[in-house]
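Structure record follows, encoded as structure tokens.
The values are calculated or read from the model by the stated rules, or taken from the named source; none is laboratory data. Bear in mind that the values here come from a model prediction, so they are computed numbers and not experimental data. Here the Cβ positions follow ideal geometry from the backbone for every residue, glycine too, while neighbour counts run over all protein chains shown. Side chains are part of the model used for accessible areas, which takes the heavy atoms of the whole protein and leaves out ligands, DNA and RNA. Shrake-Rupley method; radii C 1.70, N 1.55, O 1.52, S 1.80 Å.
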Amino acid sequence: VELVESGGGLVQAGGSLRPSCVALGATFIRYAMGWFRQAPGKEREFVASIEKNGDSTRYADSVKDRFTISRDNAKNTVLLQMNSLKPEDTAVYSCAEKFEGNGSSRPIHYDFWGQGTQVTVSS
């Protein structure tokens, strides 16, 4: 199993980015997926999660109404559309797979992680 993120970058405040995460070598359709982020000197924090069939999503309050998580099970891909970005959104964004049950906001519940992609928002 390998999770590969891409699509991060540098953007001005108010701009948009759409990181993606591709799952290689796994039966992607079986698993809930999550996006988390970690800024320098801070703990990893939950951003969003999506159930295995995409019918239910969850967001952190800090990104609600700005970010949208989605998935394409045919392409083993989960996306995070990020709009109205703020400097405080600057972090390394990582996707994660949860092998059992529904999505969760707790990192410890996830079984496999990607390496992450850097998102930097300038003011």
Practice item. Please find, in a Gaussian network model of the chain (springs between Cα atoms separated by less than 10 Å), the residue of Pro107, Pro19, Pro40 whose mean-square fluctuation is greatest. Key: Pro40
Point to revise | Kirkwood Rh in Å, taken over all unlike Cα pairs in the stretch 75-123 | key: 12.7
**Study point:** Ranked by how many other beta carbons lie within 10 Å on average, peptides 112-119, 78-85 from highest
**Key:** 78-85, 112-119
Point to revise | Over the chain, volume per residue of the alpha carbon convex hull, in Å³ | key: 89
Practice item. Could you state the accessible area per residue of the chain in Å², with a 1.4 Å probe and every protein chain left in place? Key: 52
Check your understanding: Using a Gaussian network for the chain with springs between C-alpha atoms less than 10 Å apart, which of these wobbles most: Ser49, Ser104, Ser20?
Key -> Ser104
Check your understanding: Given the options Ala48, Ala39, Ala74, which has the most mean-square fluctuation in a GNM of the chain, springs set between C-alpha atoms less than 10 angstrom apart?
Key -> Ala74
Practice item. Can you tell me the FRET efficiency between Asn73 and Ser104 if r is taken as the Cβ-Cβ distance and R0 is 25 Å, rounded to the nearest 0.05? Key: 0.80
Practice item. For the stretch 1-47, with all protein chains present and a 1.4 Å probe, just round the carbon and sulfur fraction of the accessible area to a whole percent. Key: 47
Exercise for review: Kindly list the residues of the stretch 59-100 that lie in the label zone of Ile29, defined by a backbone N under 20 Å from the point 7 Å along the Cα-to-C-beta vector.
Suggested key: 70-79, 97-100
Practice item. For the stretch 63-76, take each phi angle, set θ = phi - 60°, evaluate the Karplus expression 6.51 cos²θ - 1.76 cosθ + 1.60, and give the result in whole Hz per residue in order, putting x for glycine and proline. Key: 10, 4, 6, 10, 10, 9, 9, 8, 9, 10, 5, 5, 10, 6
Study note, to complete from the structure: Burial-style ranking of 88-95, 62-69, average other-beta-carbon count within 10 Å with highest first, yields 88-95, 62-69
**Study point:** Percent of Cα pairs exceeding the 19 Å cut-off, where the set is the stretch 32-99
**Key:** 28
Exercise for review: Could you size up the charge dipole of the chain around its Cα centre, putting +1 on the beta carbon of Lys and Arg and -1 on that of Asp and Glu, and report it in debye to the nearest 20?
Suggested key: 120
